[in-house]
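Working notes, structure below.
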Amino acid sequence: MQEQELKQEIEVVDQQVNSLVVQDQESYLMAGNLVMGLNDLRDKIVEYWKSPKKKAFDAHKEIVKKESDMLKPVDDKLRTLKGKLNFYLTEQKRKEREEQEKLNRERREREEKERQKFLEQAAKAEAKGKIEKAEELLEKAEDVYVPPVIVEPEIKKTTHLDTGTASTTEDIEITITDPIEVIKEVAAGRLPVIILEIKEAKLKKHTKDYNLKSIPGCIIKPITKGIFRSK
């Protein structure tokens, strides 16, 4: 059978299906015959394209294999190199954070030391009856401020190279250690439902296997299907 003949059969059956209304036993049987005819037509189409598909698939598989063989050493080296770069950048960021925390701590200590100095002076002034001087020193204690020092990162956010640009970005890694706990967080509303994937086909099979009549969050509706098989 040629491609054009198959297309003609498709046109004929298309008209028949469009004009058919299933409303009684006779039209039901006509629809059944059309279903079986369509199944036969579908088998013819699959058979017609079977050989060209196999040739194309074999050629595609061979090309993909050759491409994969060439890409593998390149991808392996890319992963290795990116791993080294990311490890270095992560370590640098860790050192920067530690240095910044150290500087912030030292700044707070200097502020506290300066504040305590004024407070002690204010206490001495008050003890000597110098009230105005004491109040002035207390105001100075409240206004103590040591400007923060910001750590200059060793690696710039963006660097222009001869072949392009190199940039860094902050990211995280997540490893799921207990899926049930994650589901509990979703159920509690602390994580969005969108992070879960519910496979309806597997849910349907489980429902039928255990003859479940209701599932929270689901609507189970019985339907009747027609099954038509050619002789």
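The values are calculated or read from the model by the stated rules, or taken from the named source; none is laboratory data. Predicted model only: the values in this text are computed from it and were never measured. Cβ placement follows ideal geometry from the backbone for every residue including glycine, while neighbour counts extend to all protein chains displayed.
In region 1-21, the qualifying residues are those that are among the β-branched types (Val, Ile, Thr) and without any contact (Cβ under 8 Å) to a residue 12 or more places away in the chain, and the one that is surrounded by the fewest Cβ atoms within 10 Å (Cβ to Cβ) is 21. Determine, yes or no, whether residue 185 is surrounded by 11 or more Cβ atoms within 10 Å (Cβ to Cβ), under 24 Å from the mean Cα position of the chain (by Cα) and at pLDDT 90 or above. In short, yes. Out of region 118-150, which residues are of a type in the set (Gly, Ala, Ser) and closer than 27 Å to residue 106 by Cβ? 122, 123, 141 - these are the residues of region 118-150 that are of a type in the set (Gly, Ala, Ser) and closer than 27 Å to residue 106 by Cβ.
Of the numbered conditions (1) in a loop (DSSP other than H, G, I, E, B); (2) modelled with pLDDT of 90 or more, residue 110 satisfies every one except a single condition; which is it? It fails just one condition, (1).
So, residue 157, is that one modelled with pLDDT under 90 and either surrounded by 14 or more Cβ atoms within 10 Å (Cβ to Cβ) or closer than 19 Å to residue 89 by Cβ (or both) or not?
yes
Got a number for residues in region 156-191 being part of a loop (DSSP other than H, G, I, E, B) and farther than 21 Å from residue 87 by Cα? Looking only at that region, the number is 9.
Residue-level check: of (1) closer than 30 Å to residue 146 by Cβ; (2) free of Cβ contacts under 8 Å to residues at least 40 places away in the same chain, residue 107 misses just (2). Among 125, 134, 59, which is modelled with pLDDT of 90 or more, small (Gly, Ala, Ser), loosely packed, with under 12 Cβ neighbours inside 10 Å and in a helix (DSSP H, G or I)? Result: 59 is the single residue among 125, 134, 59 that is modelled with pLDDT of 90 or more, small (Gly, Ala, Ser), loosely packed, with under 12 Cβ neighbours inside 10 Å and in a helix (DSSP H, G or I).
Evaluation of residue 151 against the conditions (1) farther than 30 Å from residue 81 by Cβ; (2) surrounded by 11 or more Cβ atoms within 10 Å (Cβ to Cβ); (3) of a type outside the set (Ser, Thr, Tyr) shows that the sole unmet condition is (1).
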